[in-house]
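What follows is a single structure, written as structure tokens, with notes after it.
The values are calculated or read from the model by the stated rules, or taken from the named source; none is laboratory data. Here the structure is a predicted model, which is why all the values come from computation and not from measurement. Counting neighbours? That spans all protein chains shown, and the Cβs are built from the backbone with ideal geometry, glycine included. Protein only, heavy atoms only, side chains kept; ligands, DNA and RNA dropped before computing areas. Shrake-Rupley method; radii C 1.70, N 1.55, O 1.52, S 1.80 Å.
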Amino acid sequence: MKISYNWLKELVPTQMEINEFCAKLTMFGLEVEEVIQPGKELEHIVIGKVISVEQHPNADKLSLCRVDVGEEEPLSIICGAPNVVKDILVPVAKIGAKLGDFKIKKVMLRGVESFGMICSESELGISDDHSGIMIIGQNFEPGAPFADAMGMNDHIIEVEVTPNRPDLLGMIGVAREVAVMLDTDYTPSEITFEESDVKTESEISVIIEDAEKCPRYCARMIKGITVQPSPAWMQRKLIASGLRPINNIVDTTNYVLLEYGHPLHAFDYAKIKDNTIVVRTAKDKEKMMLLDDNELTLHSDNLLIADKKHPLALAGIMGGLDSSINDTTKDVVIECAYFDPRNIRASALEYGLQTESSYRFERGMDPNGLVEVIDRAAQLMQLTGGGEILSGIVDCYPYQITPKILPLRVSRTNSILNANMSADEVEKYLNNFEFSTKKTTQDSFEVTIPTFRPDIEREIDIIEELARCYGYNNVESHFWINRIDNKQKRTVVRLAKNHLISLGFFEVNNMSFASTDDLDTLKIPNDDYRRNLVELANPMGEQFSIMRSTLIPDLLRNAGLNLSYKFENFKLFELNRIYLKEGEDAYAEPTYLTGVIVGEFEPFYWKEKRGVTSFYDVKGVVESVFSKVHCMKNITFKLSHQPYYKKDSAADIFLEDKKIGSCGIMKDEILHSFDIEASVMMFDINMSNIIPLYNEKEIHFEEIVKYPPVLRDIAVIAPSQIEVETIEQSIKSVDPNIIQDIQLFDLYTGKQVKQGCRSLAFNITFQSKTSTLTDKYVDKLFDNIVSKLSREHQIELRQE
Amino acid sequence: MKEQIQEILEEARNSIPSCGSDKDLEELRIKYLGKKSSLSDLLSKIGTVPKEERPQMGALLNTVKNEIAQLIEQKKSVLQEKEDSARAQGLDVTMPGRPLPIGAKHPLYQIWEEIEDIFINLGFEVAEGPEIESEYYNFDALNTPSWHPARNPQDTFYLKGGMLLRTQTSPMQIRVMEKFKPPIKIISTGRCYRVDKVDPSHLPVFHQVEALMVDEGITMSDLKGALDSFVKRIFSADTHSRFRPHFFPFTEPSAEIDILCISCNGEGCKLCKNSGWLEMGGAGMVDPAVLEEVGYDPEKYTGYAFGLGIERIAMLRYGISDIRKLITNDLRILSQFQ
């Protein structure tokens, strides 16, 4: 449905800015799909006054005009139209104006320059008339913007009308809705006209044969009308709403259709045989020629408007060709009826005829609004074509359709909306919708639903209307998720656990109690954080006298127990809290992840020799856990001096500068205290430091680099004290944008390598995000890497 | 004669596909199709068949012969193929593949996660709180009278300095309600402590899940509905629950929750000590005094709470009768929960 904002403003007093208005309308339930500003396309088109018209020196059919457009000098414009004369007002497209795709420029026509164009209606997109230039009848100042002068500076608001709201298919219905929305009144045009002495019923009679399919039929007559083009204001409104002007009679029915949303039909009285309109169903195989030159073969479900002999129209869908208005029409019969929506829908569907009329009838029109509509049509026809309106309406209404009366409870409304509307408030809203109310108790009303609202059938339908008035966004949100939930911790814990399990770890569960002996056994120094003990006042025994400050002893005990059951190679972890005293009545309960790898890291496999388990196995486990919970990039490893690890066999783990754990190979002497004769590697990580960093939403897709990578190997002899990480950083720093990846793939120390050095080989990936790398460029980078390593670290390229 | 032919075919259909080598197959070929085979024998005796049945019998003999020949051919190519590729690869498909390790979550934590997920699906949020608590949160705010025996050091672990180890997850109720306005719909899970000798049904350290919902119009029906939804999901759809009147300081009315014994369905067995019912935990409508304590209007809001032991649920689900099994960390137990 297209709504002209200017037209709407004639009906409802509002000066609201268009965007604000549309936002409000959408939130009220009438969704705005598009707003078009037709006047915008008429920029640089102004009113011009033709001062003089001369013959073009070199062309017979062209005129040389001087046109006053309100500027100092009149414009010199060449015009080819036959109707251009002195002293008329015309639309002038100045240089820079655009008419569709056509841009107005200064042009040379047969040796004479033209500074613009005088336009026809069709060139302006106003009508199809291209017989000559448009002559403006009203009086305007030259230079006034054409769109303003013609009232075309409008906004056409295209709204989606839901199928339950046929009342919104006309401007009056929209105005009524908008008035409710803005809490104001709307004023339809006043309907007044004079009727002649001749009674309508003396000239035409109506017989309804099928009252079920046509419960009401009204007819009016105008005699002696002139068929002619309708006035500009009417044409403008039709065009704005997407309809093409034809003549004053057809235009009036269309205009009233737009205004009231109710379809009308006009018959040429002369073509109605016996002065009688019969509303009947078709005979089987009865034929009829429609306005669009289509011949239908009908059957007994199709409803017809006919005279005594022939069909005049397919009811509610389309008129017949024979009875249609033409230039010679003198007397007009106006039809305004109410048809059964189901029947119209079935017939329209059957013949594939979706018309403005059927579209509305099949959604349900207002049977009790017919008189107003037909009077409005009569008024406008007379206004645009003269003639005399006969007195009275022939109104055939065999079965009265009465408004529904529904009960409404205020308390029920409030309980559904969780609102607190008073009975007065509710009543006011209902009355705004033109629902009349009768208070039955303190809490309830009897609500009379006008027949233009067929969608309101139950109490809950009324409550929906009240909800819109109350404002959907004023309903309090009652929601409880995402305030407290520990999703972040839960996710990290589950990711870490599941990952370790897929690496073959078994989870253990130990009680929280411990004794200080365990800390002594691990040789944990007195100033270590794990000595901030939480001591029980009433322990269940000496070995349960404190809350454990580390998970390590329990895991070693679990390992010893399982070794005693003849398990040789296994992995265990526990993820639980430790307990630390932080001050007077202040305690911390950080979550730790601690694991042990007992015996061989890899499970025994007949195909391979038993590997030598090394520090790098446990480091690999730790790195993969960190990768799994997305924090590997912040992690670094430094040689550890924890007392329970073998010398030079362990690393402390740092998150930025904070030590958050360690991993490495356990000292035999410690293991012996736990009756363990096997080798044990261990990791111990404070997860409470990791959890807050996890963000599952941080993963964002990156476009795949379309330029190919270049792989190069570099083998170097490096002094042993230089760490691999240092070398990698050094390589990367040569060109961090191009050097994407550095992988160590070989380490060798032995006879061929000089004392105090080791041979290292790296695989380097070069790749640019913006171009294909040339060999020459990669060679240059490679040379830079070699010289940088040599310069900064005395690292030499290995000579093969 | 017809029966004899069918018998031979049946036998061939069984023996040919199950034969394992070329040599065996050749023997079978001679047995069924050779000159001295029983089929040849029958063919020679076809003259003894009444004249009108002879063509039919002859045709049957031929079909059977053809089918057996076909079976032998098929088997031959299967044997050939097997031999070819195995010989080339030196493959023994019965040797073990690369052992990729699979560990296991501890059964208690498996159940814990499952419980959390059930309640999350029911729209609950999961709240965690400290295990080291003050007497205020563990007892006072929960409307526990000062004389209540639970406060005794014979029942509750105290720390040097006066704090205690929470005896239930209920203190989180108070912590959450202090901080947030209704509606509240949470579970809190975690370790709890009570002074109990380690025996087949007690550990001094155990785990609880506690649910709390507070809003306008929450009724005892909501409590029963939430509990029923839970027990039916964690056990089975036909698990029944019942409420028994009981006393808890922080709920009124209070109840103990039983479920119909999942082992005997109420008939009476060892698991339920012949009562037909298993005790699951405590429940009730939040005491108005507790709501008042956290600044809620008890006239406006009502709520329910219930608490369940996670060890108990794990034991019932897995059929573990001794709670100590859940802390032994014996791989012979843990590896059953892969």
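Looking only at residues of the stretch A:494-538 that are part of a loop (DSSP other than H, G, I, E, B) and among the acidic types (Asp, Glu), we find that the one that is surrounded by the most Cβ atoms within 10 Å (Cβ to Cβ) is A:ASP528. Among the residues of the stretch B:114-137, the ones that are at the interface with chain A (Cβ under 10 Å from one of its Cβ atoms), of a type outside the set (Ser, Thr, Tyr) and surrounded by 16 or more Cβ atoms within 10 Å (Cβ to Cβ) come to 12 in all. Does the stretch B:95-111 contain at least one residue that is open to solvent by 30 Å² or more (accessible area, probe 1.4 Å), part of a helix (DSSP H, G or I) and not hydroxyl-bearing (Ser, Thr, Tyr)? There is at least one residue in the stretch B:95-111 that is open to solvent by 30 Å² or more (accessible area, probe 1.4 Å), part of a helix (DSSP H, G or I) and not hydroxyl-bearing (Ser, Thr, Tyr). Within the bounds of the stretch B:279-286, is there any residue that is part of a loop (DSSP other than H, G, I, E, B) and open to solvent by 10 Å² or more (accessible area, probe 1.4 Å)? Checked against the condition, which is being part of a loop (DSSP other than H, G, I, E, B) and open to solvent by 10 Å² or more (accessible area, probe 1.4 Å), the stretch B:279-286 yields no hits at all.
For the stretch A:512-556, a residue qualifies if it is on the phi > 0 side of the Ramachandran plot and at pLDDT 95 or above, and exactly one does: A:LYS523. Checked against (1) within 14 Å of another protein chain (Cβ to nearest Cβ); (2) in a helix (DSSP H, G or I); (3) buried (at least 18 other Cβ atoms within 10 Å of the Cβ), B:VAL64 passes all but condition (1). Might you check whether a residue that is within 24 Å of A:LYS489 (Cβ to Cβ) and within 12 Å of chain A (Cβ to nearest Cβ) occurs anywhere in the stretch B:226-244? Checking the stretch B:226-244: not a single residue is within 24 Å of A:LYS489 (Cβ to Cβ) and within 12 Å of chain A (Cβ to nearest Cβ).
Restricting attention to the stretch A:545-560, the residues being at the interface with chain B (Cβ under 8 Å from one of its Cβ atoms) and more than 12 Å from B:ASN329 (Cβ to Cβ) number 1.
For (1) basic (Lys, Arg); (2) in contact (Cβ under 8 Å) with a residue 24 or more places away in the chain, each residue gets a yes or a no:
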| residue | (1), (2) |
| --- | --- |
| A:SER564 | no, yes |
| A:GLU574 | no, yes |
| A:ASP585 | no, no |
| A:ILE635 | no, no |
| A:LYS638 | yes, no |
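Can you find, within the stretch B:291-338, the residue that is surrounded by the most Cβ atoms within 10 Å (Cβ to Cβ) among those that are away from every other protein chain (no Cβ under 14 Å) and small (Gly, Ala, Ser)? Once the filter is applied, the top-ranked residue is B:ALA305. Based on what the data block shows, is A:SER515 within 11 Å of chain B (Cβ to nearest Cβ) and polar (S, T, N, Q)? So A:SER515 fails the test. Among the residues of the stretch A:210-217, is any part of a helix (DSSP H, G or I) and charged (D, E, K, R)? No, because not a single residue in the stretch A:210-217 is part of a helix (DSSP H, G or I) and charged (D, E, K, R). One residue stands out among those in the stretch A:561-608 that are open to solvent by 20 Å² or more (accessible area, probe 1.4 Å), facing chain B (nearest Cβ under 8 Å) and in contact with a helix residue (DSSP H, G or I) (Cβ under 7 Å, 6 or more places away or on another chain): the one that is nearest to B:SER335 (Cα to Cα), which is A:PHE567. Looking across the stretch A:281-317, the residues that are open to solvent by 20 Å² or more (accessible area, probe 1.4 Å) and outside any loop (DSSP other than H, G, I, E, B) come down to A:THR281, A:LYS287, A:MET289, A:GLU295, A:THR297, A:PRO311. Counting only helices (runs of 4 or more DSSP H) that sit wholly inside the stretch A:367-464, those with at least 3 residues that are closer than 30 Å to A:ILE222 by Cβ are A:370-385. Restricting attention to the stretch A:473-493, the residues that are within 8 Å of chain B (Cβ to nearest Cβ) and in a helix (DSSP H, G or I) add up to 3. Screening A:LEU264, A:LEU298 for residues that are touching a helix residue (DSSP H, G or I) at 6+ places or on another chain (Cβ under 8 Å) and not aromatic (Phe, Trp, Tyr) leaves exactly one candidate, A:LEU264.
On inspection, A:GLY320 fails the criterion of being crowded, with 24+ Cβ neighbours inside 10 Å and assigned by TED's automatic domain parsing to the domain that holds A:LYS199. Looking only at residues in the stretch A:323-337 that are polar (S, T, N, Q) and open to solvent by 10 Å² or more (accessible area, probe 1.4 Å), which one is farthest from the chain's Cα centre (by Cα)? Among those residues, the one meeting the criterion is A:THR328. Among the residues making up the stretch A:1-46, those that are closer than 25 Å to A:ALA144 by Cβ and among the β-branched types (Val, Ile, Thr) are A:ILE18, A:VAL35, A:ILE36, A:ILE45, A:VAL46. Number of residues in the stretch B:304-334 that are assigned to a helix (DSSP H, G or I) and over 30 Å from B:MET213 (Cβ atoms): the value is 7. Could you tell me whether A:ASP617 is open to solvent by 10 Å² or more (accessible area, probe 1.4 Å), touching a helix residue (DSSP H, G or I) at 6+ places or on another chain (Cβ under 9 Å) and in contact (Cβ under 8 Å) with a residue 60 or more places away in the chain? Against the criterion (open to solvent by 10 Å² or more (accessible area, probe 1.4 Å), touching a helix residue (DSSP H, G or I) at 6+ places or on another chain (Cβ under 9 Å) and in contact (Cβ under 8 Å) with a residue 60 or more places away in the chain), A:ASP617 does not qualify.
Which members of the stretch B:183-215 meet the condition of being open to solvent by 20 Å² or more (accessible area, probe 1.4 Å), in a loop (DSSP other than H, G, I, E, B) and within 12 Å of chain A (Cβ to nearest Cβ)? The answer is B:ARG194, B:VAL195, B:ASP196, B:LYS197, B:VAL198. Here is the figure for the stretch B:168-182: residues that are open to solvent by 10 Å² or more (accessible area, probe 1.4 Å) and either among the basic types (Lys, Arg) or more than 10 Å from every other protein chain (Cβ to nearest Cβ) (or both) total 5. Of all the listed residues (A:ASP183, A:ASP148), the sole one being on the phi > 0 side of the Ramachandran plot, touching a residue at least 40 places away in the same chain (Cβ under 8 Å), surrounded by fewer than 18 Cβ atoms within 10 Å (Cβ to Cβ) and over 28 Å from the mean Cα position of the chain (by Cα) is A:ASP183.
Only strands (runs of 3 or more DSSP E) whose full extent lies in the stretch A:31-99 are considered here, and the ones with at least 2 residues that are within 47 Å of the chain's Cα centre (by Cα) are A:31-36, A:45-55, A:89-93. Being outside the structural domain of B:GLY284 (by TED's automatic domain parsing), farther than 21 Å from B:ASP24 by Cβ and open to solvent by less than 60 Å² (accessible area, probe 1.4 Å) is a description that does not apply to B:LEU39.
Exactly one residue out of A:LYS86, A:LYS2, A:LYS61, A:LYS49 is out of contact with any Asp or Glu (no Cβ under 8 Å at 6 or more places or on another chain) and within 29 Å of A:TRP233 (Cβ to Cβ), and it is A:LYS86. One residue stands out among those in the stretch B:146-163 that are open to solvent by less than 70 Å² (accessible area, probe 1.4 Å) and of a type in the set (A, V, I, L, M, F, W, C): the one that is farthest from the other protein chains (Cβ to nearest Cβ), which is B:ALA150.
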